[in-house]
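The values are calculated or read from the model by the stated rules, or taken from the named source; none is laboratory data. Quantities reported herein were computed from a predicted structural model and do not represent experimental measurements. As a convention, Cβ positions derive from the backbone with ideal geometry for all residues, glycine included, and neighbour counts pool all protein chains shown. To get the accessible areas, we keep the full protein, side chains included, count just its heavy atoms, and leave off ligands, DNA and RNA. Shrake-Rupley method; radii C 1.70, N 1.55, O 1.52, S 1.80 Å.
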Amino acid sequence: VQIILRYTTSTVVPGGEGRAVAVRAGQRVQVVNTHGGQVADTWAIAQDDPTVHLSVAHSRVAIGAVSPRVGDELVDQLRQPILRIVGDSSGGRHDTLLPACDPARYRSLGVVGAHRNCQSNFIEATTALGVAPPFVPDPLNLFQDVQVTPSGSLDLRSSPALAGSAVEFEALRDLILVVSACPMTVIPISGEGSGPRDVEIRIAYTGAD
Ligand SMILES: [Zn+2]
């Protein structure tokens, strides 16, 4: 009789902040929308070469869609598999079109002074692990509902993801997963009248790992 012990590690990503975790090839990792409605900018970079990253542009071609679905294999900028989506209880609204929010974005929206942003969150989180690449790739914006209208316009809607819903990935190589609980509140992509909320990264692994 084979007994498989399944452990889980949990990393809370505080609202408005970013965190990075190491994930080994074959492991399952979930991004959990703990309180619902929170957009989570997400990146994957290769452990053996942090300049190799999940590329949303190349992934759109690989999956033939602007929003990934269960079963889709996401690729890096060399078109090699890096992450597979194996589960999604969030309703499946995920954006691949928008870059991370950054200081210039907040200035253009009329914010005066410093504002937390996903670009800085990525740099802080990867620097903390000593794996910061010299650029910030475009993220996979989990739980972000961006609709492309028939005329080609973008419609930025509030995230419909419910509390406790999650996306589950299988790592297809050793990688670093980075998640930013997007601090954007000027545009209500994460809902009206609420600050950024925590999300959670859960890694499942067996006793054999
Ligand atoms: Zn953001």
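For residues that are β-branched (Val, Ile, Thr) and under 25 Å from Ala65 (Cα atoms), scanning just the stretch 103-153, find the one that is farthest from the ligand (Cβ to nearest atom).
Filtering first and then ranking leaves Thr149.
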Q) What is the residue count in the stretch 68-80 for residues that are part of a strand (DSSP E or B) and touching a residue at least 40 places away in the same chain (Cβ under 8 Å)? A) 2
Q) Before we move on, is Ala125 under 17 Å from the mean Cα position of the chain (by Cα), among the hydrophobic types (A, V, I, L, M, F, W, C) and either buried (at least 19 other Cβ atoms within 10 Å of the Cβ) or in a loop (DSSP other than H, G, I, E, B) (or both)? A) yes
Q | Single unsatisfied condition, Val61 versus (1) of a type in the set (A, V, I, L, M); (2) open to solvent by 70 Å² or more (accessible area, probe 1.4 Å); (3) within 15 Å of the chain's Cα centre (by Cα) | A | (3)
(Q) Just checking: which of the strands (runs of 3 or more DSSP E) contained wholly in the stretch 1-67 hold 3 or more residues that are within 15 Å of Ala166 (Cβ to Cβ) and modelled with pLDDT of 95 or more? (A) 6-13, 28-33
Q.
On the basis of being among the small types (Gly, Ala, Ser), in contact (Cβ under 8 Å) with a residue 24 or more places away in the chain and touching a Leu at 6+ places or on another chain (Cβ under 9 Å), does Ala128 make the cut?
A. no
Q. Which residues, counting only those in the stretch 155-187, are over 22 Å from Leu83 (Cα atoms) and charged (D, E, K, R)?
A. Asp155, Arg157
Q. What strands (runs of 3 or more DSSP E) completely inside the stretch 135-209 contain at least 1 residues that are surrounded by 18 or more Cβ atoms within 10 Å (Cβ to Cβ) and under 15 Å from the mean Cα position of the chain (by Cα)?
A. 140-142, 145-148, 165-171, 175-181, 199-206
